[in-house]
1. Answer yes or no: is there a residue in the range 245-257 that is of a type in the set (A, V, I, L, M), within 28 Å of T55 (Cα to Cα) and without any contact (Cβ under 8 Å) to a residue 60 or more places away in the chain.
2. Test each condition in (1) under 26 Å from L171 (Cα atoms); (2) at pLDDT below 95; (3) not hydroxyl-bearing (S, T, Y) for R18 and report the one that comes out false.
3. For the range 203-213, enumerate the residues that are in contact with a Phe, Trp or Tyr (Cβ under 9 Å, 6 or more places away or on another chain) and either over 15 Å from F288 (Cβ atoms) or surrounded by fewer than 15 Cβ atoms within 10 Å (Cβ to Cβ) (or both).
4. Test each condition in (1) surrounded by fewer than 12 Cβ atoms within 10 Å (Cβ to Cβ); (2) part of a loop (DSSP other than H, G, I, E, B); (3) of a type in the set (K, R) for K254 and report the one that comes out false.
5. Can you confirm whether the range 335-345 contains a residue that is among the β-branched types (V, I, T) and either more than 27 Å from S212 (Cβ to Cβ) or touching a strand residue (DSSP E or B) at 6+ places or on another chain (Cβ under 9 Å) (or both)?
6. So which residues in the range 283-310 are out of contact with any Phe, Trp or Tyr (no Cβ under 6 Å at 6 or more places or on another chain) and in a loop (DSSP other than H, G, I, E, B)?
7. I'd like the full set of residues that are under 14 Å from R67 (Cβ atoms), in contact (Cβ under 8 Å) with a residue 40 or more places away in the chain and surrounded by fewer than 21 Cβ atoms within 10 Å (Cβ to Cβ), limited to the range 105-118.
8. Which one of E329, E337 is without any contact (Cβ under 8 Å) to a residue 24 or more places away in the chain, surrounded by 18 or more Cβ atoms within 10 Å (Cβ to Cβ) and not hydrophobic (A, V, I, L, M, F, W, C)?
Amino acid sequence: MHSSTSNSDLMAPPPPERPVPVQSWMITGVVTVVVFVATLGAWEWYWRDWGAQPTYRNSEGLWALQRKRINQGEGDATVLVGSSRTLSNINLDVWEKLEGRRPIQLALEGTSPMTPLEGLANDPDFKGKVVVGVTPMLFFSGFQYRDDVLNYYPKETPAQRWGQWLSMTLLEPYFAFYDDDFALFTVLKRQKWPQRPGVKVDSDVRRLFTVSKDRNMRLWEKVENDVAYQTRAKEIWREFWTNPDPEMMAAMPKIVATQMERAEKAVKKLQAKGVKVVFVLHPVDGEFAQFELHAMARERTWDPMLQRTGAPGIHFQDYPQLQGYWLPEWSHMARAEADRYTTALYPLIQEKFQSTGEKK
């Protein structure tokens, strides 16, 4: 018995026709390339006019390149770990002139040096010296803004290494816009969009440094010379201590104790294989100093940490030659100041190494 619906009614309708306009694909390709180049050029021109210049990216791959040096024949080198003050305040060029050898820079901005320090302690190839930069609010909290780097290094693939080489060879030396701070979606994110009442929106730290191939960092000229940009940097720092999280503050004594225990274990392990360790607490200024040196007072943090680890330390408040420098946004030294500071700090570090039995 036939269905009341014919078989032809069940057939799918024919696909719609989409006629392609008659055109020259060569012209289309040329126009596309011209528009792309013009847009790219306009974006590059905009950031250069604003004051940006090409610099190497402080990427996961760049850090990994420096970390590998320890396992590729430089296990006896002096290694710098710490946070952004160690990156910007210790100038590798000046250090090399004083010592005749360049240190390996492994400090990471916004990040406690504890994990890299533990990595050095567990690395059988490392038998050099370590300078540990201490930014109290990061060191004693264990905060890791750049945990992407710490997770990346042990798992880096050949494709990632190849991509790092291409980026450093073809892009980073030539394009000023090629920086996370100038990415389109980053720019859109930091616009003053309407916010719901009572919702706190934390600002991302803006670009502060220029970077060399071996992570020798300098404070960006704009931070020194542009008062508005300098002021904005201070405003962002101020957010760090405005309306702190009550739960975090209540847990801080326990967190500090945990970080001290980690430091003690790592330093003891380093010392057991003959590695000398020196801690350095770099200068801080203005409102940042008022907050940090009170919230992380040395009698509760720095002093007991040195006692537990048995390692020597250099606190800027104890040395007149480490005071009086210009920190444009309270936390990092101007370029010329970093050169003077490195010259003053270097002999103090060597003296501490010698006091623990290390020959220069």
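1. no
2. Failed condition: (1).
3. Across the range 203-213, the qualifying residues are R206, R207, F209, T210, V211, S212, K213.
4. K254 satisfies all of (1) surrounded by fewer than 12 Cβ atoms within 10 Å (Cβ to Cβ); (2) part of a loop (DSSP other than H, G, I, E, B); (3) of a type in the set (K, R) except (2).
5. Keep residues of the range 335-345 that are among the β-branched types (V, I, T), which gives 342-343.
Narrowing further to those that are either more than 27 Å from S212 (Cβ to Cβ) or touching a strand residue (DSSP E or B) at 6+ places or on another chain (Cβ under 9 Å) (or both): none.
Within the range 335-345, none of the residues are among the β-branched types (V, I, T) and either more than 27 Å from S212 (Cβ to Cβ) or touching a strand residue (DSSP E or B) at 6+ places or on another chain (Cβ under 9 Å) (or both).
6. First pass over the range 283-310, keeping only residues out of contact with any Phe, Trp or Tyr (no Cβ under 6 Å at 6 or more places or on another chain): 284, 287, 289-290, 292-295, 297-300, 302-310.
Of everything in the range 283-310, those that are out of contact with any Phe, Trp or Tyr (no Cβ under 6 Å at 6 or more places or on another chain) and in a loop (DSSP other than H, G, I, E, B) turn out to be V284, A297, R298, E299, R300, G310.
7. Result: E118, single match.
8. E337
The values are calculated or read from the model by the stated rules, or taken from the named source; none is laboratory data. Quantities reported herein were computed from a predicted structural model and do not represent experimental measurements. All Cβ positions, even for glycine, are placed from backbone atoms using ideal geometry, and neighbour counts span all protein chains on display.
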